[in-house]
Structures are given as C-alpha cells and as structure tokens.
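Visitor: I have a structure I would like to understand better, so I am pasting it below and will then ask my questions one at a time.
Bear in mind these aren't lab numbers, they're just calculated from the coordinates by the rules spelled out. Quick caveat, the model's predicted, so the values are computed rather than measured. Glycine gets a Cβ as well: all are built from the backbone with ideal geometry, and neighbour counts include every protein chain shown.
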Amino acid sequence: MTLPDRRSVLALGAAGLVSFSLPTRAQGFTPGLVYAVGQKFDKSFNEGALAGAERFKAASGVPYLEYLPAGTAQFDQAVTSLLRRGVTDLATIGFYYAAPLAKLAPKHPTVRFTIVDAVVEAANVQSVTFKEQEGSFLVGVLAALASQSGTVGFIGALDIPLIRKFIAGFEQGARHARPDATVLVNFVGTTPAAFNDPTTGAEVAKAQFQRGADVVFAGAGVSNFGIFAATNDAGRLAIGVDSNQNHLYPGRILTSMLKRVDLAVESAFQAGRAGTWAPGLRALGLAEGGVDYAVDENNRSLLTPAMLEAAEAARRAIVAGRIAVTA
C-alpha cells in the first residue's frame with residue numbers, strides 16, 4: 001500500500017461537495033496559509049499543511065504567503081496581514097478558527113477561504129472535514145492485533161467532538177479485531193494549550209502503561225512528542241496522527257493515522273488558480289483518500305501480513321458500506 005496512489009482521488013475532490021454560489025473572482029491569484037496555533041514544523045497537522053503548500057509551489061511556480069499565529073486571538077490579525085499583502089485564496093488550519101472566520105469572511109466577499117477541520121457556512125468559504133473515525137478504525141484494528149496485554153489506549157489533547165471522532169473509530173476498530181479488547185481513554189488537558197504540552201502528554205501515557213496498555217494512539221498534536229518519548233522509554237508501542245510520524249521513533253511507532261491536510265491545502269490552491277474552486281463542504285474519508293494509515297521502512301517489521309490483511313479487509317468493508325463506522 002502506498003499513499004501517493006490516492007492523491008489523485010482527493011485532488012479531484014468532487015465527492016461530498018455541497019456548494020453555494022461562487023463568489024466574484026478576486027483579481028490575480030496569490031495563495032496564503034494561516035497555520036494552526038503551535039509549531040510550524042510539528043511533524044503533524046501544520047507540517048502537513050506546509051507540505052501541501054510546498055508541493056503546490058513546486059508544481060506551479062506560484063509562491064504562497066504564510067502566518068503562524070501565537071494564539072487563537074491573533075486570527076484576525078493574521079488574516080488582515082495576509083490580505084493586505086494581496087492574498088486572494090486563504091487556507092486556514094484548525095477547528096478553533098471557525099467562529100472568527102464566520103464573522104470575517106463576509107467582510108471580504110471576493111476572497112476564497114478554505115478552512116480545514118471545521119465547517120463555516122458562507123458564500124466564500126470551503127470547509128474541509130475528515131472522517132477521522134474511518135482511519136481510526138483501521139489503526140484500532142492494528143493496535144488490538146499488536147497488543148500483547150489486550151489493553152490499548154487513546155490519548156487525546158482535550159475532550160471535544162473532533163477528538164471524539166478519533167476515539168469512536170479507534171474503539172470500534174479495536175473491538176472489531178478483538179471483541180475482548182480493553183480501550184483506555186484519557187486527555188492531556190481542557191484547553192487548546194493541551195495540543196502543546198509534551199510533559200503532561202508523557203505523564204498521561206505513563207499512567208496508561210501502569211494500567212496495562214501496551215499500545216497507545218496519540219491524538220494530541222505537539223503533545224505527541226511526550227507520549228512517544230514515554231512509549232520509547234517504557235518499551236511499548238504508539239500510534240501517530242495526522243502526518244506520518246513513524247520515523248520519530250522507528251520500531252516504536254506501530255503506524256500513523258493520516259489526515260491528508262497536505263492534499264486539502266494543495267487541492268484548494270490548485271482549484272483557486274484554475275478557477276474551479278467552490279464553496280461548501282468536503283467530507284473526506286477512506287473512499288476519498290482523505291484518511292489512511294502509514295506503512296514504511298520504520299514500521300513495516302511491526303506489522304505482520306495477517307495484521308495488514310485484517311486492516312485492508314476492514315478498509316474494503318467500510319468503503320463498500322458493509323461496516324458503518326459511527327462517529
């Protein structure tokens with residue numbers, strides 16, 4: 001299984017599109033990117049967005065502008081700064097930008113906004129969401145089959161509906177593969193700062209190990225770094241999220257559940273440049289190539305043929321509608 005094989009599916013991106021009328025096309029074309037709060041090179045969500053923007057730049061020769069806010073309160077400042085510099089197509093990364101974007105987008109009706117991981121209903125906003133539960137189901141299958149103890153864990157940044165989609169899929173996948181599996185669930189914190197707290201992430205992981213978990217799914221942004229370090233120290237297995245994080249601790253990261261933020265950003269910029277961008281909702285799951293799990297030289301030895309076949313059988317059943325993964 002190779003990930004690039006699915007890029008063309010998402011780049012076309014017609015599935016799941018609910019559209020409004022197109023806004024007046026802005027003069028010229030200048031793409032821009034507002035990152036999620038945190039680190040640009042986070043080996044996760046932001047770095048995926050960066051990869052998509054860089055791939056677009058390499059293919060088109062068109063540069064992009066970017067802004068890394070220090071906090072969610074800087075969103076308006078970030079957008080204003082980029083629009084002042086001529087941005088016509090702006091991708092924003094993060095669920096917490098939904099409310100400010102809903103207020104701001106109508107003030108700039110000729111700008112094409114794309115928000116990743118949230119829904120904003122406006123005539124000039126495209127909302128890209130993911131069926132995280134489907135990708136999480138597959139890594140749940142792998143986690144349960146890799147576990148020696150029969151206990152696996154999920155560590156989320158905070159308890160919000162978005163994270164609950166990961167939990168739901170992971171629990172269903174683990175129990176699909178192993179009905180007697182025990183699934184532990186804990187959170188790093190209660191505010192968005194929990195996405196950037198590796199120290200607490202490590203402590204939560206240690207607590208799950210003490211309760212018997214030997215495979216933990218880390219869904220906590222930059223806090224994953226602490227979870228992975230604790231996993232490595234304890235000789236257990238972890239699962240990465242959003243981008244391929246297998247290389248961070250080769251042999252200790254079972255796999256990574258991928259959300260193709262890179263393709264969401266790349267396709268938004270491609271469509272803006274081509275004049276085919278449309279507002280509305282795009283919900284991307286396994287069938288659309290929007291979620292997946294990563295297999296490479298860093299984790300291939302951890303995944304037996306039987307484990308991979310079980311995950312691929314689950315993929316086929318989900319895409320065909322024989323397994324309904326509830327969020």
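Visitor: What's the local net charge at Ser136, with K and R +1, D and E -1, over the other residues with C-beta under 13 Å away?
Guide: Details: positive: Lys131, Arg164, Lys165, Arg175, Lys259, Arg315; negative: Glu132, Glu134, Glu171, Asp242, Asp292.
So the surrounding residues net to +1.
Visitor: Now for a separate question. Counting DSSP beta bridges in the chain, what percent are antiparallel, to the nearest 5? Mind dumping the intermediate values first?
Guide: Details: 4 of 44 bridges.
Antiparallel bridges make up about 10 percent of those DSSP assigns within the chain.
Visitor: Quick one: Cα convex hull volume of the chain, Å³ per residue?
Guide: Numbers: hull volume 37.7 nm³, N = 327.
Here the figure is 115 Å³ per residue.
Visitor: Stokes-Einstein D for the range 240-300 at 25 °C, 0.890 mPa s, Kirkwood Rh over Cα pairs, in µm²/s? Before the final figure, lay out the partial values.
Guide: Working: Rh = 13.0 Å.
The calculation lands on 189 µm²/s.
Visitor: For the range 122-241, what is the largest minus smallest coordinate of the Cα atoms on each principal axis, given in angstrom and ordered from greatest to least?
Guide: 51, 32, 18
Visitor: List the GluC sites (Glu not before Pro) within the range 224-313 that DSSP assigns to loop and that have no more than 15 neighbouring Cβ atoms inside 10 Å.
Guide: Answer in residue order: Glu297.
Visitor: So, one more: Using only Cα atoms and rounding to the nearest 10 degrees, what angle (0 to 90) does helix 45-60 make with the longest principal axis of the chain?
Guide: Approximately 50 degrees, to the nearest ten.
Visitor: What do the square roots of 5 times the Cα gyration tensor eigenvalues come to for the range 34-108, in whole Å, largest first, as semi-axes of the equivalent ellipsoid? Numbers along the way, then the final one.
Guide: On the way: eigenvalues 80, 54, 19 Å².
Ellipsoid semi-axes (Å, largest first): 20, 16, 10.
Visitor: Okay, next question. Arrange the following residues from fewest to most other Cβ atoms within 10 Å of their Cβ: Val204, Val119. Can you show the working numbers first?
Guide: Working: Val204 26, Val119 15.
With the fewest neighbours first, Val204, Val119 line up as Val119, Val204.
Visitor: To the nearest 20 debye, what charge dipole does the chain have about its Cα centre, counting +1 at the Cβ of each Lys and Arg and -1 at the Cβ of each Asp and Glu?
Guide: Working: 29 positive and 27 negative charges, 120 e Å.
So the magnitude is around 580 debye.
Visitor: Ignoring everything except DSSP H segments at least 4 long, calculate the 222 nm mean residue ellipticity for the chain; use -39,500 (n - 2.57) per segment, divide by total residues, nearest 500. Each step should come with its number before you reach the end.
Guide: Working: 10 runs with 125 residues, N = 327.
That calculation yields -12000 deg cm²/dmol at 222 nm.
Visitor: Here's something else I'd like to know. What list of whole percents do you get for P(r) of the range 208-285, with Cα-Cα distances grouped in 5 Å bins up to the one holding the largest distance?
Guide: The calculated distribution, bin by bin, is 3, 14, 21, 17, 11, 9, 9, 8, 5, 3, 1.
Visitor: While we're looking at this one, here's another question. Compute the long axis of helix 75-84 from its Cα atoms, compare it with the longest principal axis of the Cα atoms of the chain, and write down the angle in degrees, 0 to 90, nearest 10.
Guide: Between helix and principal axis, roughly 40 degrees.
Visitor: If you take the C-alpha gyration tensor of the range 189-324, multiply each eigenvalue by 5 and take the square root, what semi-axes do you get, largest first, in whole Å? Could you put the intermediate results ahead of the total?
Guide: Values: eigenvalues 174, 88, 38 Å².
After diagonalising the Cα gyration tensor, the semi-axes are 30, 21, 14 Å.
Visitor: So if R0 is 35 Å, what FRET efficiency would Lys103 and Thr326 give, r being the distance between their Cβ atoms, rounded to the nearest 0.05? Could the numbers behind the result be given before it?
Guide: On the way: r = 32 Å, r/R0 = 0.92.
The formula returns an efficiency of 0.60 here.
Visitor: Excluding Phe209 itself, what net charge comes from residues whose Cβ is under 12 Å from its Cβ, given Lys and Arg +1 and Asp and Glu -1? Display every interim value, and only then the final one.
Guide: Numbers: positive: Lys206, Arg211, Arg236; negative: Glu203, Asp214, Asp233.
Summing Lys and Arg as +1 and Asp and Glu as -1 gives 0.
Visitor: What number, in percent, do you get for the relative contact order of the chain if the mean sequence gap of Cα pairs under 8 Å and at least 6 apart is divided by its residue count? Intermediate results must be reported in sequence, preceding the final value.
Guide: Details: 754 pairs, mean separation 76.8, N = 327.
Computed value for the chain: 23 percent relative contact order.
Visitor: For the range 69-113, just list the percent of Cα-Cα distances falling in each 10 Å bin from zero outward, please.
Guide: Pair shares across the bins are 26, 65, 9.
Visitor: Tell me the angle of helix 224-234 to the major Cα principal axis of the chain, expressed in degrees between 0 and 90 and rounded to the nearest ten.
Guide: 20 degrees
Visitor: Something else about it: Which shape class applies to the range 23-72: rounded if a/c is under 1.5, otherwise prolate when a/b exceeds b/c and oblate if not, where a ≥ b ≥ c are the square roots of the Cα gyration tensor eigenvalues? Can you show the working numbers first?
Guide: On the way: a/c = 2.86, a/b = 1.47, b/c = 1.95.
The shape class here is oblate.
Visitor: Expressed as a whole number of Å, what is the distance separating the alpha-carbon centroids of the range 268-314 and the range 48-101?
Guide: Using only Cα atoms, the two centres lie 23 Å from each other.
Visitor: Could you work out which residue, out of Phe209, Phe166, Phe228, moves most in a Gaussian network model of the chain, that is, has the largest mean-square fluctuation with Cα springs under 10 Å?
Guide: In this elastic network of the chain, the residue with the biggest mean-square fluctuation among Phe209, Phe166, Phe228 is Phe209.
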